[in-house]
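Below: the structure, in structure tokens.
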Amino acid sequence: MIKRYFIPHLFNANPEWKNYKAFSKNITVTNTQPFYPKDYDLIFVEKGYVKTFCNTNYKKEIFTLIIGENSLANVGGTITGANRFSKLITDTKAEIRIYDSYYFWDLPFIQNNPNLMQGLAKTISKCIEIHTTRSHYSCFFECLPRLCNTILDITTDKQIQYQQYIKSINQIELSQLCGMHPVTTCNILKKLRQNNIIGKVTPQYIEILDQETLINISNSTIEL
């Protein structure tokens, strides 16, 4: 049996930004005090982690990404000038820094801070990769391999610092990450338990009893 802990999509992705605090302001996010970004806000998570939500074309708010310490969020807004997040929340407490993206359109700034710009570009690419992969699975894979893939993608069995673990992720949020209905997610988890592939599912971790089978299902090489 392996415990796989839920982790942020992005963690320590932009450590070069943690010492650069010019043109930024500090904001505290708590479980009772969400943060609502404005257009052109570039968000750096200094401590803790945040869950990001977006509004769909149907005005439905869905859970999209988890951003951990030393990582940038809302990177798309720095290019398009449109905020991509409806809100940021956390289960405990997070410290974030807010930068105005206008500062990073200045050519001398870009020339003088190539490491910051490279880190920003890497995060943009990473976010595109995450959403492209998620869209690919939702279009071409059935719900079962999609859920298994998501579980493997946002968990780790490595012994890393406790601060990196997600304190809470529920089945509704897991469903949104998969693009599935919560009832479908619940039924698939039940099926995986019945086949002794997973064990206990908590807000912090999921017990994997048969990781090889879970991987094979995620690759659509076998079916239950």
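So here's what we get for this one:
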| item | result |
| --- | --- |
| Interchain or long-range residues, amide H under 5 Å from residue 73's placed H | 43, 44, 45 |
| Rounded to the nearest 10 Å², the accessible area of residue 138 at probe 1.4 Å | 50 Å² |
| Sequence-separation-based contact order of the chain, relative, with Cα cut under 8 Å and 6+ spacing, percent | 27 percent |
| The range 114-147: trypsin sites (Lys or Arg not before Pro) in DSSP coil with no more than 16 other Cβ atoms inside 10 Å | none |
| Å² of accessible area per residue within the chain, as computed with a 1.4 Å probe and no ligands counted | 52 Å² |
| Fraction of accessible area attributable to carbon and sulfur, the range 115-179 (%, probe 1.4 Å) | 54 percent |
| Solvent accessible area, Å² - residue 47, 1.4 Å probe, full protein context | 130 Å² |
| Aspartates and glutamates whose Cα lies under 17 Å from that of residue 122, excluding same-chain neighbours fewer than 8 positions away | 16, 69 |
| Accessible surface of residue 40 - all protein chains present, 1.4 Å probe, nearest 10 Å² | 50 Å² |
| Over the range 157-222, relative contact order from alpha-carbon pairs under 8 Å, at least 6 apart, % | 24 percent |
| Those lysines that a straight Cα-Cα span of less than 17 Å connects to residue 190, excepting residues fewer than 8 apart in one chain | 200 |
| Fraction of the pair-distance distribution of the range 95-224 above 22 Å, Cα-Cα pairs, percent | 50 percent |
| Residue pairs, from the table 60/158; 3/191; 87/126; 18/51; 18/38; 25/93, whose Cα atoms sit over 24 Å apart | 60/158 |
| Gain in span if fully extended, residue 61 to residue 202, counting 0.36 nm per residue against the direct Cα distance | 48.4 nm |
| At 1.306 mPa s and 10 °C, Stokes D of the range 60-141 from Kirkwood alpha-carbon radius, µm² per second | 108 µm²/s |
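The values are calculated or read from the model by the stated rules, or taken from the named source; none is laboratory data. All of these numbers come straight from a predicted model, not from anything done at the bench. Positions of Cβ are backbone-derived with ideal geometry, glycine not excepted, and every protein chain shown enters the neighbour counts. Heads up: the accessible areas ignore ligands, DNA and RNA and are worked out on the full protein's heavy atoms, side chains in. Shrake-Rupley method; radii C 1.70, N 1.55, O 1.52, S 1.80 Å.
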